[in-house]
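Q: The following block contains the structure, expressed as C-alpha cells.
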Amino acid sequence: MKRVLILAYFYPPLAGGGVHRVLSFTRHLPGHGWACTVVCAGERDYWVHDRSLLESVPRETEIIRVEGGSALSAWLRLRGGEGQGRRSGRTFAPLRALSDWWLLPDSYAGWARRAREAAAARVAAGECGAASRVDVVLSSSPPDSVHLAARFLARDTGLPWIADFRDPWIGLAFRRPPTPWHAARQAAMESSVLDSASLVLAASRTHADALAARERARPRDLLHLPNGFEPAPRVAIPRDADHFRVAFTGTLSLVDDVGTLLDAVHRLLAREPAARSTLRVELAGPYDEDWRARAHALGLDGVVSFLGSRPHAETRALQRAADLLLLWRPRGEGYRTMVPGKLYEYLDSGRPIVALLPAGDEAAELVKRAGGAVLPPASPDTLERDLAARLSRWRAGERVADAVPGWLGEHTRGHLAGTLARALDAVAAQGRP
C-alpha cells in the first residue's frame, strides 16, 4: 500500500468546518490503496473541540501531533483555554489585526515550521526502513502556512506534493493586507505554492476556475474536489409538533448575517407577539459572546438559543429535525468562492433551506438546484417576511417532507476519495523530480 503524508493543522479532536475534509481523506483513502500519515496540531491547540470525532479516525491512521507554535495556541495557553465553542470577538479581532502585520502568511507560521521538521523526520524514517515509506505529500489549508511547509519539504525530499485549498489564500481573499508590501509578500507566497505543487486541489468550482484563468502563477495541474459529505443514517427523526424549529449548524464567529437573523426574528416578534410561543431558533456551533449579548438585548431569550459546539452526530440530528435550515457565510468579494461544507450535509438532511447569499454564486446555485430559497444577505426585512410566511403555513398545518436531491450521491466523501486516490496514483507515478 502506498502512503500519503498529510500536513494539516485541523484534525480531531479539534473541530470546526476545516476538520472534516482531511478526516474524510484518512477514512476513505485506505480503501483505495493509500495509507495515511497526518501531521497536525496538538489536542488543545484550537478553541473548538469534538472528541466524538476521534471515533471516526481509522486505527491504522498514523498521527503525528505537533503541539504549540501558533499565535492562537499561545493565547489559549495563556488564558487557560477559552470556553468550549464560545469566545470574545472583542478580544480576537485585535489579535487577528496584529497577526496580519507581523506574521506571514498567517499566525500559524511558527507551527508550520515545526510541523515541517516533524514531517521531514517521518519521511527520513521511511527512507531508512524504520517506518513505511512516504510516496506523496499533501498539504491542506487553511492555514496557508502549511503549503509553505510542504513546499520546503517537497524541495528537500524530492517527494511529489499536492496542495489542497479548502479556501483561497486567506491573506489575499478574506482579509485585506495592511500595506502594499504585505499584499505583495502574500501574492508571492501564493504564487510559489501554485508554481511548485505537482497538483492543486480546489474545493469550489469558482476557485478552480479562477486559478485556471490566471495569467501568472497558473497551477501546472488543477482538480476541483468538492468538500462533500458523509451520508447520515436514514433513521426516523421525531419532529417537534409544538414548535416551528429553525436551525443553523456551523461557525457563528465573525459572520455578520447572524445579526441579520437576530434583527429579523426581533421584527417578527414585534409584529406577531404570538409567534414567541411557537418559533424556536437553534444555533449550533462556535460563536462570539457578542452575538448572544445582542440576542439578549433584543429580547430574544427563550426563542433564540446559542447551543455552542455540539458533537457532530448531534448537529446532524438537529439538521434532520428542523423545519427550516439557514445558511450563510462571511460577506465580501473574497468569499464568493466559498461553498460551505455544511451545505452538503444540509442537502443530505432533505430539509428546506434558506440561504443568505449573493444571487448567482456557486453555493447559491447549489441551493436553488436543490429547491431551496436564496435571499439577499444583510436584509432583515426580507428574511423576516420569509420566516413569517413559513411560520404561517406551518400553523395552518403544512409539513414539508424530506427531499434529498438525486444528484447528491456524486458528492459523498467516499466517492470523492476515489477521485483523490486516482490523482494520488497519477502524481506518484510521475516519480520524484
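Bear in mind these aren't lab numbers, they're just calculated from the coordinates by the rules spelled out. The shown structure was predicted, so the numbers you read here are calculated from the model rather than taken from an experiment. As a convention, Cβ positions derive from the backbone with ideal geometry for all residues, glycine included, and neighbour counts pool all protein chains shown.
Q: Fully extended, how many nm does the chain gain between His224 and Trp102 (0.36 nm per residue separation, minus their Cα-Cα distance)? Display every interim value, and only then the final one.
A: Working: separation 122, 0.36 × 122 = 43.92 nm, distance 3.26 nm.
40.7 nm is the gain from fully extending His224 to Trp102.
Q: What's the center-to-center distance, using Cα atoms, between segment 1-15 and segment 157-208 in Å?
A: 19 Å
Q: Continuing with this model, one more query. For Ile63, what residues show an amide H to amide H distance below 5 Å, using hydrogens built from the backbone and excluding near sequence neighbours?
A: Val38
Q: Here's something else I'd like to know. So between Ala183 and Arg369, what do we pick up on full extension, going 0.36 nm a residue minus the alpha carbon distance?
A: Numbers: separation 186, 0.36 × 186 = 66.96 nm, distance 3.68 nm.
Result for the pair: 63.3 nm of gain on full extension.
Q: If one takes the longest principal axis of the Cα atoms in the chain, at what angle in degrees, from 0 to 90 and to the nearest 10, does the Cα axis of helix 257-271 lie?
A: Long axis of 257-271 versus the principal axis of the chain: about 10 degrees.
Q: Using Cα atoms only, what is the angle between the long axis of helix 312-321 and the major principal axis of the chain, expressed in degrees (0 to 90) to the nearest 10?
A: So the inclination is approximately 30 degrees.
Q: Right, another one. Need the C-alpha centroid separation for segment 211-240 versus segment 107-141, integer Å.
A: Using only Cα atoms, the two centres lie 26 Å from each other.
Q: Compute from the Cα atoms of segment 244-407 the Rg and the Dmax, the latter being the longest Cα-Cα distance, and quote both in angstrom.
A: 14.8, 43
Q: Give me the tail of P(r) for the chain as a percent: Cα-Cα pairs with distance above 27 Å. List each step's numbers first, then the result.
A: Numbers: 49539 of 93528 pairs.
Tail of P(r) above 27 Å: 53 percent of Cα pairs.
Q: A follow-up question, please. For the pair Ser305 and Glu333, what calculated FRET efficiency results from E = 1/(1 + (r/R0)^6), where r is the Cβ-Cβ distance and R0 = 41 Å, to the nearest 0.05?
A: Details: r = 33 Å, r/R0 = 0.79.
So the FRET efficiency works out to roughly 0.80.
Q: Among Ala197, Phe165, Ala184, whose Cα projects farthest towards the positive end of the dipole of segment 163-225, with charges put on the beta-carbon of Lys, Arg (+1) and Asp, Glu (-1)?
A: Highest projection toward the positive end goes to Ala184.
Q: Specify the residue with the greatest mean-square fluctuation among Arg292, Arg59, Arg267, computed from a Gaussian network of the chain linking alpha-carbon atoms under 10 Å apart.
A: Of Arg292, Arg59, Arg267, the Gaussian network model singles out Arg59 as fluctuating most.
Q: What is the distance in Å between the Cα centroid of segment 325-349 and that of segment 252-297?
A: 19 Å
Q: OK, next. Taking only Cα atoms, what is the 0 to 90° angle, nearest 10, from helix 109-127's long axis to the longest principal axis of the chain?
A: Compared with the principal axis, the helix lies near 50 degrees.
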